[in-house]
Number of protein chains: 6
Amino acid sequence: MDPRPISRFPVPALGELAVDIRARIEAVQEKAGFVPNVFVTLAHRPDEFRAFFAYHDALMEKDGGLSKAEREMIVVATSAANDCLYCIVAHGAILRIFARAPLVADQIAANYRKADIAPRQKAMLAFALKVATDSASIGEDDYAALHAHGFVDEDIWDIGAIAAFFALSNRMANLIGMRPNDEFFVMGRLPRDKSGAPKPAVPPAR
Amino acid sequence: MDPRPISRFPVPALGELAVDIRARIEAVQEKAGFVPNVFVTLAHRPDEFRAFFAYHDALMEKDGGLSKAEREMIVVATSAANDCLYCIVAHGAILRIFARAPLVADQIAANYRKADIAPRQKAMLAFALKVATDSASIGEDDYAALHAHGFVDEDIWDIGAIAAFFALSNRMANLIGMRPNDEFFVMGRLPRDKSGAPKPAVPPAR
Amino acid sequence: MDPRPISRFPVPALGELAVDIRARIEAVQEKAGFVPNVFVTLAHRPDEFRAFFAYHDALMEKDGGLSKAEREMIVVATSAANDCLYCIVAHGAILRIFARAPLVADQIAANYRKADIAPRQKAMLAFALKVATDSASIGEDDYAALHAHGFVDEDIWDIGAIAAFFALSNRMANLIGMRPNDEFFVMGRLPRDKSGAPKPAVPPAR
Amino acid sequence: MDPRPISRFPVPALGELAVDIRARIEAVQEKAGFVPNVFVTLAHRPDEFRAFFAYHDALMEKDGGLSKAEREMIVVATSAANDCLYCIVAHGAILRIFARAPLVADQIAANYRKADIAPRQKAMLAFALKVATDSASIGEDDYAALHAHGFVDEDIWDIGAIAAFFALSNRMANLIGMRPNDEFFVMGRLPRDKSGAPKPAVPPAR
Amino acid sequence: MDPRPISRFPVPALGELAVDIRARIEAVQEKAGFVPNVFVTLAHRPDEFRAFFAYHDALMEKDGGLSKAEREMIVVATSAANDCLYCIVAHGAILRIFARAPLVADQIAANYRKADIAPRQKAMLAFALKVATDSASIGEDDYAALHAHGFVDEDIWDIGAIAAFFALSNRMANLIGMRPNDEFFVMGRLPRDKSGAPKPAVPPAR
Amino acid sequence: MDPRPISRFPVPALGELAVDIRARIEAVQEKAGFVPNVFVTLAHRPDEFRAFFAYHDALMEKDGGLSKAEREMIVVATSAANDCLYCIVAHGAILRIFARAPLVADQIAANYRKADIAPRQKAMLAFALKVATDSASIGEDDYAALHAHGFVDEDIWDIGAIAAFFALSNRMANLIGMRPNDEFFVMGRLPRDKSGAPKPAVPPAR
């Protein structure tokens, strides 16, 4: 048992929570095998919790031109720019699983230019980082650079909106000192058996 | 009629929108006398729209230690740090109305240190700007500085969460080139008749 | 009457001032209807006052390829980069009047890229902001970018010199805590009667 | 076999190398079980190789007030500030092993303020990061802050010199696109059997 | 004879200049033995020339709590922050002469914290650099820090105004590519005969 | 005799030093006529001393596409970016001597773009400064820009490695407060007799 706090603020017990919030958390727990700390720490503010995860799901679980792994790449790259420990570690784990690539999360967190990803994905991350760090100077040239890689305008909304949502998420995690669960640090790092085995473990909803 | 686009993306007509979104927009229109562009431009993505305004209301319309004017001060100060035209102008208008102070929004947008606000409010804005621009270095000293001005931890969550939410909002507005309605530029600037008159015009929900 | 100081330093009464300084101030007052605070606060140092306004007039009232509104655009954009409350507010007012455009000053102060101005004016402001924030890296490429928009070298001197002069002016205003007159905040914001009426109110000399 | 280049420059085969360089590399290989890429990529320049590792050993293998794990903390924190993929990953692995702590490297790479380390170690890293990013402003106050945590002047030389040496190392790795060995990503992440087992695997010399 | 241009703009011949400007230049030439390029390059714009030197003299030749050498220290430190070749070199020469100290200009240009100057002078330069690079955050704490070293408010105006004036001057020099005269590079570097000789050579007016 | 310390740390007397270190220092002294402070201050740590100068010599005294003066240009430009007093002054002196150009060091320290050097040398310094200040973003475009000026890959390693080595050197000098010898300030500034005289004075090894 870890005595280190997972938030600077009170963390509600599951039994205290509203039914819908509790149901959401139990569903995640069943899939992932544990409750990611983002759920219980943000549950301190139920209305903000509901809006946060509704927004998260609207961006991360929709269909569109970006793969799930690509969405997580954006999260990891922009969270690294914001020095957000929780999101780098938790979404790094999810990225490893979605991409079935044990190295890519650490590579992107350190320097996406040196990661084992496609040129199109590097262009995507350059745009996402501009939204994260200098959104006021986004212009038509930036849109054109992504069009040249085959992204359409709706993809670009997705890229920018994910970067924008994690601008919020990173700041909340830094504000409250959200601690990543120990489980995330090692998830998806070990080579899976290539012969027999099954589909990759389903990652937590977040 | 203004020929200039209010978004780089398609803007839905009211008739095309889902009932709940349309209802929300019509309610705003009735109060404010016009539809702020943030509503129709974000309605291009209905699920994100719902999450966005649910989050907005959870932070901006809750009770707590911060006045409505103080919440808007945070929005204006952090939006200025992010060079977000829409939010500076629209929330500047709302701030003028809530604070019944025609100068304060322009002062805070330029340099909150020189604004006609209380020392406690300057401390609040210093914290909000740190969340906006360097959240990874937030520490106990920053909390202590606000405690010294009488803020309690739940107030500090509010301050930080508003700064975090507008980190998202500013990036979305910059991403899609959201244009502020002309009405906002002049709202709340004229001295109201002090003798007779009524309560200040109700500001739009956002 | 406003009890808030307009300068951190002593402010001379008109009667104490040298004849030439007093004459200059009275002329402004006659045109504008009030005395902009920059005049009385800088009059604390008469020799610097004289040099300051001589320099100002040499740049802002000369003929050349830049319109008066364009000169004020440079002032507003670079003063916003320097977070100078006085100059953003006072020159924002003058810009609204010269440009007969009630929105343009707030747009440029927030983000000139999103302002309702011509591409040539955006190029002009990009150059001015480089002079304001990174003058050591100005090179032939920057000159060429302006030539492509039809500016000649003497125009470029004007653009750069205005940015340079307000680098001085912004720092003086920030140094002494110069407070903008309340009048500036609302000047030029209201649509003028287009049918009958006269030429726009003459703005103050500064 | 990995087809991805480990350096932008030619990488010598072991057989081509001078006897002393080859001996050094073989010794590392025996301890670590593989040859870290820093050895073969820098061997392209034998004289620089010899000086580099002599410097490395003089700082990282000397006695003194800093533990081996603390030295590696400095490497990870400053390499993260320089976005150096090789050093974050390789020295992260060594740190995990020396500290017998599977989480600490990722924590420090993301944000040392949130890591599970002692206040004295946070002070050490704050100083190291100042050397890494703003050495010209180091002054007596910075020395005093470390003295207050029990560091003596010779420790402070060590802290600063390690930060300085990896300022060099990070730039070389970024210059030549040095790729970390896949082995580093997972080293030291799995909990060791606490009952029986032996001393932790000896990390590579670098 | 040097074929390298001293300005990107036309440089008037002495004979073309107005009488007052020519007189000023000839006076400088007589004192200094050569014409500093700032005079002839700025003479391209006579009205700006007159205002520039009137401002310069009002700040640099007035009486007050700052010595002439201290005024030049401010110029060198802030010009180095702005990477202004002309002002670093020309005012470095003047500083060496006024301070009768051949090393101090190079020390201050590189890092004033390491210069052979008094603590009071380091505090003065810290303030001047804040005016030069972040004037919007100047506050009462900064004034108090200077008061603690014995500076009075009028001295602080001088310090800030000199930093502000050279914010202008540096940008003009960078804008037009003003080249320092070769003479400046070596002026004041050689130890003067201490026994016999006279008062130090009079520096040029600028 | 100068009472000012040349290091914040103990400075060994020559007699206390190991034979090889002493021999190296005496050789420098014979050539230069004095002992540059970098030798005696770093001798406080003999193993680091040996590695430092071995590295220095491997980069600065090798053959290759860069002239000795060009190597020193890189040192001066990057040391100025790091505000390192010792290296700007000491290597500025060496650069003046190697380049037989009394102005070039001060020009490059202030702003290499305005220095009297070839376009190829400006491209070299732009690359070196990127290694010094933002090495993580070095990419193929940067290599290509140097290829266009005739540099081959091995030259680019040299440029980058010199910038990287002085990233270390600058931080060490700033850490310990290394003071440049007075002799360096004036070395190479005086025009040499062009008629008779001999080869330029041999500069110190460093």
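A few points about this structure:
- Looking only at residues of segment C:55-67 that are under 30 Å from B:CYS84 (Cα atoms) and over 10 Å from the mean Cα position of the chain (by Cα), we find that the one that is least open to solvent (accessible area, probe 1.4 Å) is C:LEU66.
- Hits in segment C:172-185 (condition: under 21 Å from C:HIS56 (Cβ atoms) and open to solvent by 10 Å² or more (accessible area, probe 1.4 Å)): C:GLY177, C:MET178, C:ARG179, C:ASN181, C:GLU183
- Pair list, Cβ < 7 Å and 6+ apart or interchain, from segment E:4-16 residues that are of a type in the set (Ser, Thr, Tyr) to residues that are surrounded by 14 or more Cβ atoms within 10 Å (Cβ to Cβ): E:SER7/E:THR41; E:SER7/E:ILE176; E:SER7/E:GLY177; E:SER7/E:MET178
- If you go through segment A:45-54 and pick out every residue that is open to solvent by 70 Å² or more (accessible area, probe 1.4 Å) and within 18 Å of the chain's Cα centre (by Cα), you end up with 1.
- Filter result (within 11 Å of chain E (Cβ to nearest Cβ), farther than 11 Å from F:MET73 by Cβ and either among the charged types (D, E, K, R) or touching a Gly at 6+ places or on another chain (Cβ under 7 Å) (or both)) within segment F:97-122: F:PRO102, F:ASP106, F:ARG113, F:LYS114, F:ASP116
- Qualifying residue in segment B:98-117 (condition: touching a helix residue (DSSP H, G or I) at 6+ places or on another chain (Cβ under 7 Å) and closer than 15 Å to B:ALA167 by Cβ): no
- Residues within segment D:1-44 that are surrounded by 15 or more Cβ atoms within 10 Å (Cβ to Cβ), not in a loop (DSSP other than H, G, I, E, B) and not aliphatic (A, V, I, L, M), tallied: 6
- Condition check for D:ASP155: open to solvent by 10 Å² or more (accessible area, probe 1.4 Å) and closer than 18 Å to F:MET172 by Cα: yes
- Selection over segment C:58-85 of residues that are assigned to a helix (DSSP H, G or I) and more than 8 Å from chain E (Cβ to nearest Cβ) gives a count of 16.
- Segment A:34-46, residues that are within 14 Å of chain B (Cβ to nearest Cβ) and either of a type in the set (Ser, Thr, Tyr) or touching an Asp or Glu at 6+ places or on another chain (Cβ under 8 Å) (or both): A:THR41, A:LEU42
- Residue in segment C:13-27 that is more than 25 Å from E:ALA136 (Cβ to Cβ) and within 10 Å of chain E (Cβ to nearest Cβ) present: no
- Restricting attention to segment A:114-145, the residues being under 26 Å from D:ASN170 (Cα atoms), in contact with a Lys or Arg (Cβ under 9 Å, 6 or more places away or on another chain) and open to solvent by less than 20 Å² (accessible area, probe 1.4 Å) number 3.
- Whichever residue in segment F:71-113 is of a type in the set (Val, Ile, Thr) and within 24 Å of D:ILE138 (Cα to Cα) and, among such residues, is most open to solvent (accessible area, probe 1.4 Å): F:ILE88
- Of all residues in segment F:148-180, those being more than 7 Å from chain D (Cβ to nearest Cβ) and touching a Gly at 6+ places or on another chain (Cβ under 6 Å) number 2.
- Close Cβ contacts (under 8 Å, 6 or more residues apart or on different chains) running from residues in segment B:136-147 that are more than 9 Å from chain A (Cβ to nearest Cβ) to residues that are in a loop (DSSP other than H, G, I, E, B) and modelled with pLDDT of 95 or more are absent.
The values are calculated or read from the model by the stated rules, or taken from the named source; none is laboratory data. Everything numeric in this text was worked out from a predicted model, so none of it was measured. Don't worry about glycine lacking a Cβ; one is built from the backbone with ideal geometry, like all the others, and counts go over all protein chains shown. Calculation scope for accessible area: heavy atoms of the full protein, side chains included, ligands and nucleic acids excluded. Shrake-Rupley method; radii C 1.70, N 1.55, O 1.52, S 1.80 Å.
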